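The values are calculated or read from the model by the stated rules, or taken from the named source; none is laboratory data. All values derive from a computational prediction rather than experimental measurement. A quick note on method: Cβ atoms are made from the backbone with ideal geometry, for glycine too, and the neighbour counts reach across all protein chains shown.
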Amino acid sequence: MLHLPPSVSFIERGWLSSNNILLQDEAKAVLIDSGYWTHSEQTHALVSHHLGGRPLQTLINTHLHSDHCGGNALLQNAYPELELLVPPGHVAYVENWDPKALSFTPTGQHCPQFRHNGVIQPGDKFIVNGAEWQCHAAPGHDPNALIIFNAQDGILISADALWENGFGAVFPEIEGFEAFDEVDATLQMIEELKPRCVLPGHGGIFGDVTSALFRARSRLGQFRAAPDKHASHLAKVLLKFKLLELQRVSYTEFYAWSEDLSYLRLAHKEYAGAVTYKNWIRDLCLGLEKSGACAMDGEFICNAN
C-alpha cells in the first residue's frame, strides 16, 4: 500500500472532474486543479473538509482543460485572497476570456470565467512542509501542461500526462500538430524522474510506474500506427464526457450539440471523410453502446457506467 506524507492529500474524483491534490503545512495550503464546474460545490466541500476550516492560499492548474479548472471561479469566491496560478501559453485568453481559444467551445464543455493572479512555469519551485515541488513542462495532451515532482518523497503529480492505464487524448494532433512525439518525450522525462508513486489527474494513485509507462507507450504506438483510431478515441471521449454531464438526452438534441464542435468536425474531415458526419457520429455512439459506455433508448441516448 502506498503511503503519502501527512502534508499531501490525494482526493480521487470520478468523471467529470479531475482529481484534486492538496498540499499543506502550518503556513500554507496549495491545491492542484479544481475539477469540472458541475462538481464545483463538491470540490469546495472536499477541500474545506481537508483544510479543517483554514483558508486555501494557492490554486495551481496543471493545464486549462475544463475538467481541471472548472472549479476555479467558485473557489475564488469562497477564498477571496486566493492566489490562482496558470501555466503559460493561454494566459492572454484568460485575461481576455476567450472560451474558444481556451478549448471550452471546441470541446462543447463549459467553464465559468475566472481570473488569474500569476503564471507558473516549467522550472518553478515551491516548498510545502519542507519538501520542494518542481514544475516540469509536459506537452502532448495539452501543449502548455505541467507536471509537478517532489524528488524528496518521490511523488509525481502527473495530471493527464500519465495515468495507470494510459494518458489523456492528444488534442493537438487533431489540430494538425505532431504531438505524439511530445507525448513520447514526456513519458521519457517521467521515466528519468524515477517517481516512487504517481498521483494522476484521473484514476487512483499508483506505484508501479514501469508498468504504467509500458502501457502508455504501447497505447502511443497504436495511435501512431493508426491515427484514425486516435481520432475515433478522442471523438468518443468528447461524446462520453457530455453524456456524463447530461446523463439522458434526446438523440436529436445530442447530435445537434455535436454539430457545432470544431474538434469533432476536424477529426471527421481528416480521418473519416468517407462517411457523412451524421453517420459518423451515429457509428461512434453505437460503438460507445457496444462497449457499455452508453445506451440508445428509443429517441434517447443515456449514459451508462
Which residue pairs have Cβ atoms closer than 9 Å, lie 6 or more positions apart in sequence or on different chains, and pair a first residue in region 208-228 that is under 19 Å from residue 174 (Cβ atoms) with a second residue that is among the charged types (D, E, K, R) and part of a helix (DSSP H, G or I)? 220/184; 222/229; 223/173; 223/229; 224/184; 227/173; 227/270; 228/270
Matching residues, region 256-286, being more than 19 Å from residue 103 (Cα to Cα) and polar (S, T, N, Q): 276, 279
So, of the residues in region 191-232 that are of a type in the set (A, V, I, L, M) and touching a strand residue (DSSP E or B) at 6+ places or on another chain (Cβ under 7 Å), which turns out to be nearest to residue 264 (Cα to Cα)? 216
Which numbered condition residue 219 fails, given (1) assigned to a helix (DSSP H, G or I); (2) over 24 Å from residue 105 (Cβ atoms); (3) more than 19 Å from the chain's Cα centre (by Cα): (3)
Considering only residues that are within 28 Å of residue 98 (Cα to Cα), part of a helix (DSSP H, G or I) and either touching a Leu at 6+ places or on another chain (Cβ under 8 Å) or of a type in the set (A, V, I, L, M, F, W, C) (or both), which ones fall in region 22-46? 37, 38, 39, 40, 41, 43, 44
Under the condition of being polar (S, T, N, Q) and farther than 18 Å from residue 86 by Cβ, which residue from region 20-59 is surrounded by the most Cβ atoms within 10 Å (Cβ to Cβ)? 24
Can you report the number of residues in region 245-290 which are within 12 Å of residue 301 (Cα to Cα), buried (at least 16 other Cβ atoms within 10 Å of the Cβ), hydrophobic (A, V, I, L, M, F, W, C) and out of contact with any Lys or Arg (no Cβ under 8 Å at 6 or more places or on another chain)? 2
Within region 83-92, identify whether any single residue is assigned by TED's automatic domain parsing to the domain that holds residue 169, on the phi > 0 side of the Ramachandran plot and under 20 Å from the mean Cα position of the chain (by Cα), and answer yes or no. yes
If you scan region 1-21, which residues turn out to be within 15 Å of residue 68 (Cβ to Cβ) and part of a loop (DSSP other than H, G, I, E, B)? 12, 13, 14, 15, 16, 17, 18, 19
Quick check on region 73-83. Is at least one of its residues touching a strand residue (DSSP E or B) at 6+ places or on another chain (Cβ under 8 Å) and assigned to a loop (DSSP other than H, G, I, E, B)? yes
Could you go through region 52-62 and let me know if any residue there is within 26 Å of residue 237 (Cα to Cα) and in a helix (DSSP H, G or I). no
